[in-house]
């Protein structure tokens, strides 16, 4: 399981707002509306900390392709 952040410059201790509104690649940013749709894609993610068993890992989204947008109100 991944927690998505803007990138490696995030202060995890004090940067909780970044996790709620991370920066995304431009092709995702243009179409993603968190309260109105969901995004499915082939994401390339960059881990921001070492992987640990049974612990959420901080990561950022480097790129996305084959994007599918699912509107919630349909």
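Scanning the range 38-63 for residues that are free of Cβ contacts under 8 Å to residues at least 12 places away in the same chain and under 10 Å from the mean Cα position of the chain (by Cα) yields a total of 0.
A count restricted to the range 1-20 and to residues that are farther than 19 Å from residue 50 by Cβ and modelled with pLDDT under 65 stands at 4. Is it fair to say residue 42 is at pLDDT 95 or above and either part of a loop (DSSP other than H, G, I, E, B) or loosely packed, with under 12 Cβ neighbours inside 10 Å (or both)? It is true that residue 42 is at pLDDT 95 or above and either part of a loop (DSSP other than H, G, I, E, B) or loosely packed, with under 12 Cβ neighbours inside 10 Å (or both). Look at residue 23 and say whether it is modelled with pLDDT of 95 or more and either in a loop (DSSP other than H, G, I, E, B) or closer than 16 Å to residue 1 by Cα (or both). Taking the combined requirement at face value, the residue does not satisfy it. Scanning the range 25-35 for residues that are over 13 Å from the mean Cα position of the chain (by Cα) and loosely packed, with under 11 Cβ neighbours inside 10 Å, we see that the one that is nearest to residue 62 (Cα to Cα) is 30. Scoring residue 70 on the criteria (1) modelled with pLDDT of 90 or more; (2) surrounded by 14 or more Cβ atoms within 10 Å (Cβ to Cβ); (3) not in a loop (DSSP other than H, G, I, E, B) leaves a single failure, condition (2).
The values are calculated or read from the model by the stated rules, or taken from the named source; none is laboratory data. Note that the structure is predicted; figures quoted are calculated from it, not measured. Every residue, glycine as well, gets a Cβ built from its backbone with ideal geometry; the counts of neighbours run over all protein chains shown.
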